[in-house]
Amino acid sequence: MFRPGDDGFQHAVLTNDGFWPDLALDEFQRQRSIPPTIHQDTVKQALLAAVAEINPTLAAFVSRQQRKGYGSASDLPGPQMDGDNAVMAQYKKAVYARAKADLLGEFAAVSRREDNTNQDAPQTKASLLAEAALVLRNLKGRGRVGVHLI
């Protein structure tokens, strides 16, 4: 139920593992245009599932950075904006894309605005998963494309 002054977004924080930044649900909802009408538990589960999938994928990256003396992603050198560095921004991008891909089925159950009518298209889910995979490859120091001998 909305109250005056209430934007409907979740004001909960996902506490991360100590290396990666904690994630605010309302930031995720705003950045990825997640309707506030999707139940908060569903949004929380999608974000937790995305973190549970992505963090182990980046375990070798984290180990390398910790061996270099960096205790958290926020300690890493590089371009920064509004308190986030490039690595933190890439991490959030990957997590948020993966979480939104998981939530796309929920969009069909919510009345959609005109500009969101194509959010549940299969190509949208595939492009979100591809976006997450591309960012993860970049964080791991791999290029956009890999070639393997068969």
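The values are calculated or read from the model by the stated rules, or taken from the named source; none is laboratory data. Bear in mind the structure is a predicted one, so any value in this text is a computation, not a measurement. A quick note on method: Cβ atoms are made from the backbone with ideal geometry, for glycine too, and the neighbour counts reach across all protein chains shown.
Residues that are at pLDDT 75 or above and either among the small types (Gly, Ala, Ser) or farther than 20 Å from residue 21 by Cβ (or both) do not occur anywhere in the range 109-122.
With 32, 67 as the choices, which residue is touching a Lys or Arg at 6+ places or on another chain (Cβ under 6 Å) and farther than 13 Å from residue 91 by Cβ? Explain how you work it out, then say what you get.
On the way: 67 fails: touching a Lys or Arg at 6+ places or on another chain (Cβ under 6 Å).
That would be 32, the only listed residue that is touching a Lys or Arg at 6+ places or on another chain (Cβ under 6 Å) and farther than 13 Å from residue 91 by Cβ.
Taken over the range 18-59, the criterion of being among the aliphatic types (A, V, I, L, M), part of a helix (DSSP H, G or I) and either over 16 Å from residue 101 (Cα atoms) or in contact (Cβ under 8 Å) with a residue 40 or more places away in the chain (or both) is satisfied by 43, 46, 47, 49, 50, 51, 54, 59.
Hey, does the range 64-80 have a residue that's assigned to a helix (DSSP H, G or I), out of contact with any Phe, Trp or Tyr (no Cβ under 7 Å at 6 or more places or on another chain) and either buried (at least 19 other Cβ atoms within 10 Å of the Cβ) or in contact (Cβ under 8 Å) with a residue 60 or more places away in the chain (or both)? Checking the range 64-80: not a single residue is assigned to a helix (DSSP H, G or I), out of contact with any Phe, Trp or Tyr (no Cβ under 7 Å at 6 or more places or on another chain) and either buried (at least 19 other Cβ atoms within 10 Å of the Cβ) or in contact (Cβ under 8 Å) with a residue 60 or more places away in the chain (or both).
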